[in-house]
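Scroll down for the structure; my scribbles are underneath it.
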Amino acid sequence: MVQNGRDSGMKSSTLRTGGWLRGKTALSAAAATAAALAVTGIATAAQASPARPHSGTNVTASTQLTGRAVTGDAGDTWATESIIRDAEVTGGGTTEPPADCGPTATTCYAWSGKFTDEGTAQAIPGQISPGVQAVPITGSPTASVDGWTQIYFYASSAAPDPSLVPAKVTGNAASDAGWFQQFFPAGTTFGVFNSGNSNSHAYQYVDAADCQTWVHSDYGTGESGDITGVDMCPVLSDGHATVSNTRATVTWKSTVTSTFEVTINGPGPLNGRMARVTKPAAVYSGLEAGHTYTVTIQPLVNGNDEGKAGRVTFKTTHT
């Protein structure tokens, strides 16, 4: 049985600890962002704005973007990013009044455009951080990027051509809305979609080394977090166990958080048992006498694994 708190009347034992090192969780960009998105509830590209009655043509194009400036909530360029952008436009099956595509248009069609971005953003030291803290960025933090933008619009052409979209782009040659206009031939006129939310986005920037996340979104969870370059990773220390022949209380100290996932490994039915505790202590009963056990403690911040896990190894007393 695992529970919070201390078990009284236990005898002290020789304790061997390991893993109490101040470390940074080494996550790949894809793994870090995927986990963060799942936890915070940001919609994926497939869950973007409510479906529109578009039909007909669907074309896609992929572009490698480098040196693209990223603007934060403060309005400054806080980072440059290198990403792969996969874009698509869908529609052309619904004819609209020509005036929706501008005064010179003779035809008009409804379209949806969506692109997903994945890659990395290199923060610029000294620039204002993108999120709620709005402080100068320290160090040179790198964040993974994962997100999407969706826009509904009108175009006078029914023939988008993905070959018109460049395979490589440096800088900010096209705006988000302008990105989808690249699919269409010269002379096409465009109009703003006039029903409901015509533009939405949701992005997550994860600085795994510093355990910081900035959510930039007008969909789902909205804005939260920040990327400042300050190390916010929890640090575990002072692991200790007090044991008897069948019971053990494991305690530790931690910065940043008071929520942990604990896993015990050793002989008997508790092997592999996992539990979440909300203070730095876990109590186990039903252990086998005279055997060695290891408890792994993973700090959690907002439900995510953050920082380096610690381990406490102990041996129960003989009967």
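The values are calculated or read from the model by the stated rules, or taken from the named source; none is laboratory data. Model, not experiment: these values are computed from the prediction. Positions of Cβ are generated from backbone atoms using ideal geometry, with glycine treated the same way; all protein chains shown enter the neighbour counts. Surface accessibility is based on the protein's heavy atoms, side chains included, excluding ligands, DNA and RNA. Shrake-Rupley method; radii C 1.70, N 1.55, O 1.52, S 1.80 Å.
Cross-link partners among aspartates and glutamates for Lys114, C-alpha distance below 20 Å, same-chain residues fewer than 8 apart left out? The reachable aspartates and glutamates, counting only those whose Cα sits under 20 Å from Lys114, are Glu81, Asp86, Glu88, Asp146, Asp161, Asp176, Asp218. Approximating the spin labels as points 7 Å out from Cα along Cα→Cβ, the Thr57-to-Thr255 distance works out to 5.7 nm. Along the stretch 71-80 the Karplus relation, 6.51 cos²θ - 1.76 cosθ + 1.60 evaluated at θ = phi - 60°, assigns HN-Hα couplings of 9, x, 5, 6, x, 9, 7, 9, 7, 10 Hz to successive residues, with x for each Gly and Pro. Rolling a 1.4 Å probe across the protein heavy atoms gives the stretch 228-273 an accessible surface of 38 Å² per residue.
The stretch between Ala275 and Lys168, if pulled fully straight at 0.36 nm per residue, gains 33.8 nm over its current Cα-Cα span. With the simple spin-label model, which puts each label point 7 Å out from Cα in the Cβ direction, the Asn245 to Thr104 separation comes to 9.4 nm. Taking only protein heavy atoms and a 1.4 Å probe, the accessible area of the stretch 50-144 is 54% carbon and sulfur.
With bins 5 Å wide beginning at 0, the percent of Cα pairs of the stretch 121-178 falling in each bin runs 4, 11, 14, 20, 16, 13, 8, 7, 6, 2.
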